[in-house]
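Below you'll find the structure, written out as structure tokens, and then a few comments.
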Amino acid sequence: MQGITGIAGIAQRMSQIQALVAPVVVVRATTTVGATAGTSFADALADEVARTTPAPSAPSAARLNGDGVPTELAAYGNGKIPASALQEVGTTGHRLWAPAAEALTGLISAAAADGVTVGITDSYRSYAGQVDVAQRKGLYSQGGLAAAPGTSDHGWGMAVDLDLGSAAQAWMRAHGAEHGFVEDTPREPWHWAYTP
């Protein structure tokens, strides 16, 4: 007997839902371009759900650990970010952490719209790449140009070395922060870090 009561309850609830949605079907059939009087209940319901469901919100700011590194990257380690967590910056062949890559792609487009060319000479560096740069250019702490391997913003996929003429350098100083990039390393006007 319970099975029949359950089925009857479901049928009753479906009737209630159809009664609530039926006016929507009529309104949508008369106001939506391309809608027909034969719109099925299921199609009308799907259309109404799609119309009234809020669009996804923009991604929230990255959660940072005590060192200011996004927690999703810190789990991998500096210079050990997998390719799946990196994204190409436009069509440059350079890769960064996906939010940084998206921001830099927008920055390059905005600069181009202002007649300014911003190029990239270096981006994400693996740990081995950081060791190589430190050997070739010396450690920053000793007057060279490289961070100690395992500590570089490049190893988080959050820094780039840019190819900047004087107009591009001026543009970056005026607009870089609008896109999340800051010039944060003395003696290196080409080095720009992404700040989530």
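Structure data summary
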quantity	calculated
Out of 128, 148, sole residue that is exposed (fewer than 15 other Cβ atoms within 10 Å of the Cβ), part of a loop (DSSP other than H, G, I, E, B) and at pLDDT 95 or above	148
Test: residue in segment 103-116 that is part of a strand (DSSP E or B) and of a type in the set (A, V, I, L, M, F, W, C)	no
Residue under evaluation residue 35, criteria (1) of a type in the set (A, V, I, L, M, F, W, C); (2) at pLDDT 60 or above; (3) more than 22 Å from the chain's Cα centre (by Cα); (4) part of a loop (DSSP other than H, G, I, E, B), criterion not met	(2)
Qualifying residue in segment 145-155 (condition: at positive phi and touching a residue at least 60 places away in the same chain (Cβ under 8 Å))	yes
Residue count, segment 69-89 (criterion: modelled with pLDDT of 95 or more, in a loop (DSSP other than H, G, I, E, B) and not hydroxyl-bearing (Ser, Thr, Tyr))	7
Count of residues meeting criterion [part of a helix (DSSP H, G or I) and either closer than 14 Å to residue 188 by Cβ or in contact with a helix residue (DSSP H, G or I) (Cβ under 6 Å, 6 or more places away or on another chain) (or both)] in segment 151-172	7
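The values are calculated or read from the model by the stated rules, or taken from the named source; none is laboratory data. As the structure is a computational prediction, the values presented were derived from the model and not from experiment. Quick reminder, even Gly has a Cβ in these numbers, built from the backbone with ideal geometry, and neighbours come from all protein chains shown.
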